[in-house]
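A quick write-up on the structure given underneath.
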Amino acid sequence: MVEEDLHQLIQGCIKQDRKCQKMLYKAFYGFSMAICLRYASDRDEAAGVLNQGFFKVFTKIETFDADRPFKAWLGRIMTNVSIDHYRANLKMAYSDDLETAEHLDDGTYTDSNLNYNDLLTMVQKLPQAYRTVFNLFAIDGYSHEEISDMLNINIGTSKSNLFKARQKLKQMILTADSPANDKKYGSGTDYAPVVAINASPVGPVYYSNGIRE
């Protein structure tokens with residue numbers, strides 16, 4: 001979408017024009033869903049979070065600074081709404097502290113048999129606490145100090161959950177790649193291929209791309 005068209009849509013949304021709201025929603029649905037899917041356990045949950053996010057976008061859009069990228073502003077809202085959803089629906093107590101956790105992982109996740117949809121499915125299978133920390137640290141680039149403040153946990157817990165998330169993901173990848181596994185990963189089509197690990201519309205990516213070690 002060209003900048004001029006986007007500016008007109010935003011101005012229309014500020015005036016609460018329903019047609020402009022619908023067009024903005026449609027234009028950034030894929031980008032926003034890519035973020036929500038990473039934090040949710042399935043597509044239905046992600047859709048609910050996405051709708052909450054767009055409600056916040058439309059009620060706060062007059063605060064958007066036109067001198068800054070709109071996608072960055074939108075992405076931050078979707079991430080924050082995902083975190084709010086996590087806080088409201090926490091189903092798993094945090095694990096004990098493990099201060100050295102981030103030093104214990106070898107960071108090996110690449111598997112040529114896996115496409116993005118397969119990996120997204122694996123991330124969604126993580127316990128909610130692990131999944132949230134993994135997304136914030138490994139994909140969105142937040143520090144453990146920042147995650148500690150965002151989730152109201154201590155730094156050691158953040159490190160522990162990241163470590164355990166990576167261990168669970170590694171085990172799922174090894175299981176998927178096992179010769180004994182009759183149905184190899186790589187053929188999943190549950191989610192649209194426009195979503196990517198960095199929430200940009202590119203083709204399938206491998207797990208090492210865009211993942212922070």
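The values are calculated or read from the model by the stated rules, or taken from the named source; none is laboratory data. Keep in mind the model is a prediction, meaning the values are calculated, not measured. As a convention, Cβ positions derive from the backbone with ideal geometry for all residues, glycine included, and neighbour counts pool all protein chains shown. We work out accessible area using only protein heavy atoms, side chains counted, and drop any ligands, DNA or RNA first. Shrake-Rupley method; radii C 1.70, N 1.55, O 1.52, S 1.80 Å.
From the list Cys13, Cys36, exactly one residue is out of contact with any Phe, Trp or Tyr (no Cβ under 7 Å at 6 or more places or on another chain) and of a type outside the set (Ser, Thr, Tyr). Which is it?
On the way: Cys13 fails: out of contact with any Phe, Trp or Tyr (no Cβ under 7 Å at 6 or more places or on another chain).
The match here is Cys36.
Within the range 58-70, can you find the residues that are in a helix (DSSP H, G or I) and under 17 Å from Asn80 (Cβ atoms)?
The initial filter retains those residues of the range 58-70 that are in a helix (DSSP H, G or I), namely 58-63, 70.
Correct list: Phe58, Thr59, Lys60, Ile61, Thr63, Phe70.
Looking only at the range 1-51, filter to residues that are under 14 Å from the mean Cα position of the chain (by Cα) and not in a helix (DSSP H, G or I); which one of those is surrounded by the most Cβ atoms within 10 Å (Cβ to Cβ)?
Ala40
What pairs come up if the first residue lies in the range 4-25 and is among the hydroxyl-bearing types (Ser, Thr, Tyr), the second is open to solvent by less than 30 Å² (accessible area, probe 1.4 Å), and their beta carbons are under 9 Å apart, counting only those six or more places apart or on different chains?
Going by the 9 Å Cβ cut-off, the qualifying pairs are Tyr25/Ser32; Tyr25/Phe54; Tyr25/Val57.
May I ask you to list the residues in the range 62-85 that are closer than 17 Å to Gln128 by Cβ and charged (D, E, K, R)?
Asp84
Go through the range 27-65 and count every residue that is out of contact with any helix residue (DSSP H, G or I) (no Cβ under 7 Å at 6 or more places or on another chain), touching a residue at least 40 places away in the same chain (Cβ under 8 Å) and among the hydrophobic types (A, V, I, L, M, F, W, C).
Qualifying residue count, the range 27-65: 1.
Checking Phe55 against (1) open to solvent by 80 Å² or more (accessible area, probe 1.4 Å); (2) of a type in the set (A, V, I, L, M, F, W, C); (3) not in a helix (DSSP H, G or I), which single condition isn't satisfied?
Status for Phe55: all satisfied but (3).
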